[in-house]
Amino acid sequence: MKTVLITGANRGIGLELARLYAGRGDQVTGVCRESSPELDAVATRIVAGIDVTSELDVRRLASELAGSRVDLLINNAGLLQDEKLGAIDFDSIRTQMEINAYAPLRVAEALLALIPRGGKIANVTSRMGSIADNDSGGRYGYRASKAALNAFGKSLAMDLKPKGVAVAQLHPGYVQTRMVGFSGHITPTESARGLAERIDNLSLENTGSFWHSNGDELPW
């Protein structure tokens with residue numbers, strides 16, 4: 001039995017991941033700003049009132065978890081907004097950087113002492129963070145924040161490899177969630193299954209990789 005901590009666990013992909021790991025018999029810690037009845041039904045433990053962009057909140061999270069173990073950290077919380085050239089909202093870009101890039105690094109660093117050798121960190125990123133794959137432009141804040149998360153994740157992988165902790169950057173697919181107005185190609189359940197399979201296959205040999213939930217390795 002593993003202990004799995006998921007940020008943004010109250011709905012969407014995070015909730016489906018919580019259901020999946022709970023169904024496997026793992027202990028699930030759901031971290032969110034506000035819980036949901038669905039998360040309450042599956043999580044072993046819920047730490048609510050956590051804004052992952054807040055240093056004080058993340059410190060409180062680490063304090064509440066002191067003495068416990070985190071075998072798998074899934075940084076899932078994210079924000080998608082749109083900016084168009086000629087009317088770019090830099091506050092929007094800044095907010096996405098805080099949530100999508102800085103927060104996962106902040107959470108990972110705060111919880112490092114709780115992750116044992118053999119533990120894993122999965123950063124839910126996006127193929128929109130791939131510079132090589134960008135053939136449509138736009139989405140300045142989202143693309144940049146996910147590219148930054150990919151860079152942070154790669155550095156984490158290199159720094160944590162000697163400590164026996166593997167790290168992956170995982171694209172969930174185009175998923176039918178609130179973030180995209182429920183217009184995706186796959187369901188959150190299908191996405192969670194693919195993500196879990198990638199996490200199962202994550203090791204120190206392939207640490208630092210950037211994968212699609214369907215198993216394809218994505219270009220940086």
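Each reported figure results from applying straightforward, stated rules to the coordinates on display, with no laboratory input. Here the structure is a predicted model, which means the values were calculated and not measured. Here the Cβ positions follow ideal geometry from the backbone for every residue, glycine too, while neighbour counts run over all protein chains shown.
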> Could you give the dipole magnitude of the stretch 3-212 about its Cα centre, charging the beta-carbon of Lys and Arg +1 and that of Asp and Glu -1, in debye to the nearest 20?
Replying inline: 340 debye
>> Let me confirm the definition first: pairs of Lys residues in the chain, 8 or more apart or on different chains, C-alpha distance under 28 Å. How many are there?
In response: 14
> Once fully extended, how much extra length lies between R24 and S203, figured as 0.36 nm per residue of separation less the alpha-carbon to alpha-carbon distance?
Replying inline: 62.5 nm
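Among V4, V47, which comes first, then next, by fewest other beta-carbon atoms within 10 Å?
Ranking V4, V47 by Cβ neighbours within 10 Å, fewest first, gives V47, V4.
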> Where is the GNM fluctuation largest for the chain (alpha-carbon springs, 10 angstrom cutoff): A113, A77, A132?
Replying inline: A132
> Once you charge only the Cβ atoms, +1 for Lys and Arg and -1 for Asp and Glu, what is the size of the charge dipole of the stretch 81-167 about its Cα centre, to the nearest 20 debye?
Replying inline: 460 debye
> Quick one: putting +1 on the C-beta of Lys and Arg, -1 on the C-beta of Asp and Glu, what dipole do you get for the stretch 18-132 around its Cα centre, in Debye to the nearest 20?
Replying inline: 520 debye
> For M158, M1, what's the fewest-to-most ordering of other Cβ within 10 Å of each Cβ?
Replying inline: M1, M158
> What is the gain in length, in nm to one decimal, between S54 and K161 on full extension, counting 0.36 nm per residue of separation less the C-alpha to C-alpha distance?
Replying inline: 35.8 nm
> Long-range amide H contacts for V28: which residues qualify at under 5 Å (H placed 1.01 Å from N, peptide plane, sequence gap of 5 or more or a different chain)?
Replying inline: V4, T44, R45
> Among G78, L61, F90, whose Cα sits farthest toward the positive end of the charge dipole of the stretch 56-100 (+1 at Cβ of Lys/Arg, -1 at Cβ of Asp/Glu, about the Cα centre)?
Replying inline: L61
>> Taking amide H atoms as placed 1.01 Å from N in the peptide plane, list the residues 5 or more away in sequence, or in a different chain, whose amide H sits under 5 Å from that of I50.
In response: C32, R33
>> Based only on other Cβ atoms within 10 Å, what is the fewest-to-most ordering of K84, K120?
In response: K84, K120
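Rounded to the nearest 500, what is the chain's calculated 222 nm mean residue ellipticity when only DSSP H runs of at least 4 contribute -39500 (n - 2.57) each, over all residues?
Numbers: 7 runs with 78 residues, N = 220.
After summing the helix terms and dividing by residue count, I get -11000 deg cm²/dmol.
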> Contour minus end-to-end for A113 and T187, with contour as 0.36 nm per residue of separation and end-to-end as the Cα-Cα distance?
Replying inline: 23.2 nm
